[in-house]
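Inspection log for the structure reproduced underneath, given as structure tokens.
The values are calculated or read from the model by the stated rules, or taken from the named source; none is laboratory data. None of the values given here were measured: they were computed from a predicted structure. Using ideal geometry, Cβ is built from the backbone for each residue, glycine included, and neighbour counts are taken over all protein chains shown.
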Amino acid sequence: MKSSETPVARKNGLVVQEVADEVLVYDLDTNKAHCLNETAAMVWRNCDGTRTVSDISKVVEGKLGGKVNEDLIWLALDQLGEKDLLEEKRELSFSGRSRREVIRKIGLATAVAIPLVASLTTPTSVLAAASCACTAGNPAPCAATTCPSTTNCNLAGQCAP
Amino acid sequence: MSNPRPAKKKVLEKELLDYKRVGFEAYGVKICFETNDQGVFREIKRSLPGLFPGNFKDAGFCLCESVYRVRKNPRNLFELIVDGKLDSVSPETLTLNRFLLTLIRLRVAERAVGRVFLHAGAVAWKGKGIIIPAGSFRGKTTLVGALVKKGALYFSDEFAVLDKNGRLHPFPKDLSIRSGGNQRETPVRDLGGRAGKRAVPVGFVLLTEYKKGGSGNLRQITPGAGLLEVLSHTIPIRYNPEFTLEVLNKTLNRAIIAKSFRGEAEVFSERLLNFFEKHLI
């Protein structure tokens, strides 16, 4: 991806909730939820297919009030692409530097928070998520749980030793 | 060669004539239950109203969202069949009945109309709700019990029920207190507490679990990070994600969200209420 390219945020199959300065995105296709911090959210919102990476960095700089290096935008785009939140997923280049090196450099150069996208896959089974119930002698429902035992259903009908 | 399927269907239809049935509605979800075992029928029928305190009504056996069936087969094994699909088989009914009741409660929690169920303990303190989302065996009931003993109004030790405006409603089932591997259903009055009767706004969301020697320090986190963590305990997130996220957003946006590893519930509950008063009241 080059600086002149204009990334596009994915819109289809997503439920989006603005949560104060952050954005919570729920992917209906994968049942994954992503929390974009303020910086990542701002980059994502500005991926409208007309703004270049350079344009986006200026918008973010204006709104967050600190010097914004283009690397910071790349870092956000890298994570957004990885989480399938951009229309086109492309290999991003940090000019031969590792992501860690880029983060260190950005951290020293700007007061703006590093873009972060935290993710979680929602539980497949309601039963697994919310109960340790099972029928004695049949530990199958325990397997996908975080109960005290995932292999034993005790005489009280609980996935526990 | 004859097709065996119609014959099998006919046998089942004939068998079903002898089943006893009950239907009910809770939170706008209609559930039906049928069985060919008299003892199972008596036990389930007796237990159903208590599953949904204050939100249970008898209904006919038609237009059910889900049908649960317990079939005692010729080998005296009990088959649990959910919506026509075999779920489990058990030689005894004590744990089977409990398991069935859990499944029914979770189905209603997943599909409740206009409500979002979180797997969480919930109390109210001075007109504001405190929600404690956590998995099973993570000490929800113990902490809720300790808060109730300190004067908090009891809402639930299992579900925080939120309406479309993010207000917390009581779900005052008896507390399921575990002791030495057994579980005892204990009315809140036995702890010297009272149950909430009206919905309240949520003031505090606490993400915590018991850790021996845990400091109990409360660390505030952002609403977005909090929402992400709460999703793991949100029953209808896959079934109805749009409505669910809207409700959670409304709830968490107005609340303080904090994380903590707690030690003993008695000590921690005191600290929690002090924190709550200092920041919110």
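Computed quantities for the displayed model
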{"read-out": "Per-region count, region A:114-143, residues assigned to a strand (DSSP E or B) and within 30 Å of the chain's Cα centre (by Cα)", "value": "5"}
{"read-out": "B:ARG189 surrounded by fewer than 17 Cβ atoms within 10 Å (Cβ to Cβ), within 30 Å of B:LEU94 (Cα to Cα) and away from chain A (no Cβ under 11 Å)", "value": "yes"}
{"read-out": "Some residue of region A:59-75 being surrounded by 17 or more Cβ atoms within 10 Å (Cβ to Cβ), in contact (Cβ under 8 Å) with a residue 60 or more places away in the chain and within 14 Å of the chain's Cα centre (by Cα)", "value": "no"}
{"read-out": "Test: residue in region B:226-234 that is surrounded by fewer than 16 Cβ atoms within 10 Å (Cβ to Cβ), at pLDDT below 95 and among the small types (Gly, Ala, Ser)", "value": "no"}
{"read-out": "Set A:ALA128, A:ALA133: member being of a type in the set (A, V, I, L, M), within 27 Å of A:ASN31 (Cβ to Cβ), surrounded by 15 or more Cβ atoms within 10 Å (Cβ to Cβ) and at the interface with chain B (Cβ under 7 Å from one of its Cβ atoms)", "value": "A:ALA133"}
{"read-out": "Strands (runs of 3 or more DSSP E) within region B:39-89 that include 2 or more residues touching a residue at least 24 places away in the same chain (Cβ under 8 Å) and within 22 Å of B:PHE159 (Cβ to Cβ)", "value": "B:57-59, B:66-72"}
{"read-out": "Candidate set from region B:120-146 (those that are within 24 Å of B:LEU106 (Cα to Cα) and among the charged types (D, E, K, R)); member that is surrounded by the fewest Cβ atoms within 10 Å (Cβ to Cβ)", "value": "B:ARG138"}
{"read-out": "Options B:ARG111, B:ARG69, B:ARG115, B:ARG105; residue that is closer than 21 Å to B:VAL188 by Cα and not β-branched (Val, Ile, Thr)", "value": "B:ARG105"}
{"read-out": "Hey, A:VAL23 free of Cβ contacts under 8 Å to residues at least 24 places away in the same chain, facing chain B (nearest Cβ under 10 Å), within 13 Å of the chain's Cα centre (by Cα) and buried (at least 22 other Cβ atoms within 10 Å of the Cβ) or not", "value": "yes"}
{"read-out": "Residue match in region B:48-66 (condition: buried (at least 16 other Cβ atoms within 10 Å of the Cβ) and among the basic types (Lys, Arg))", "value": "no"}
{"read-out": "Test: residue in region A:109-116 that is more than 13 Å from every other protein chain (Cβ to nearest Cβ), surrounded by fewer than 17 Cβ atoms within 10 Å (Cβ to Cβ) and closer than 26 Å to B:PRO241 by Cα", "value": "no"}
{"read-out": "Checking B:GLY216 against (1) more than 23 Å from the chain's Cα centre (by Cα); (2) in a helix (DSSP H, G or I); (3) within 19 Å of B:LYS150 (Cα to Cα); (4) not hydrophobic (A, V, I, L, M, F, W, C), the condition it does not meet", "value": "(2)"}
{"read-out": "Condition check for A:GLY81: surrounded by fewer than 21 Cβ atoms within 10 Å (Cβ to Cβ) and either over 25 Å from A:LYS32 (Cβ atoms) or out of contact with any helix residue (DSSP H, G or I) (no Cβ under 6 Å at 6 or more places or on another chain) (or both)", "value": "yes"}
{"read-out": "Residue within region B:256-274 that is farther than 20 Å from B:ASP157 by Cβ, touching a Phe, Trp or Tyr at 6+ places or on another chain (Cβ under 7 Å), within 14 Å of another protein chain (Cβ to nearest Cβ) and part of a helix (DSSP H, G or I) present", "value": "no"}
{"read-out": "Residues located in region A:26-41, provided they are within 9 Å of another protein chain (Cβ to nearest Cβ), among the hydrophobic types (A, V, I, L, M, F, W, C) and surrounded by 23 or more Cβ atoms within 10 Å (Cβ to Cβ)", "value": "A:ALA33, A:CYS35, A:LEU36, A:ALA41"}
{"read-out": "Filter pass, B:LYS149 being surrounded by fewer than 16 Cβ atoms within 10 Å (Cβ to Cβ) and either touching a residue at least 12 places away in the same chain (Cβ under 8 Å) or under 19 Å from the mean Cα position of the chain (by Cα) (or both)", "value": "yes"}
{"read-out": "Hits in region B:192-211 - residues which are surrounded by 13 or more Cβ atoms within 10 Å (Cβ to Cβ) and over 28 Å from B:GLU229 (Cβ atoms)", "value": "B:ARG194"}
{"read-out": "Residues (more than 7 Å from every other protein chain (Cβ to nearest Cβ) and more than 18 Å from A:THR124 (Cα to Cα)) located in region B:212-245", "value": "B:LYS212, B:GLY213, B:GLY214, B:SER215, B:GLY216, B:ASN217, B:LEU218, B:ARG219, B:GLN220, B:ILE221, B:GLY226, B:PHE243"}
{"read-out": "Enumeration of residues in region B:240-252 that are closer than 12 Å to B:ARG167 by Cα and not hydrophobic (A, V, I, L, M, F, W, C)", "value": "B:ASN249, B:LYS250, B:THR251"}
{"read-out": "Residue that is under 26 Å from B:ARG271 (Cα atoms), away from chain A (no Cβ under 14 Å) and of a type outside the set (Asp, Glu), where the choices are B:ALA134, B:ALA160, B:ALA146, B:ALA120", "value": "B:ALA146"}
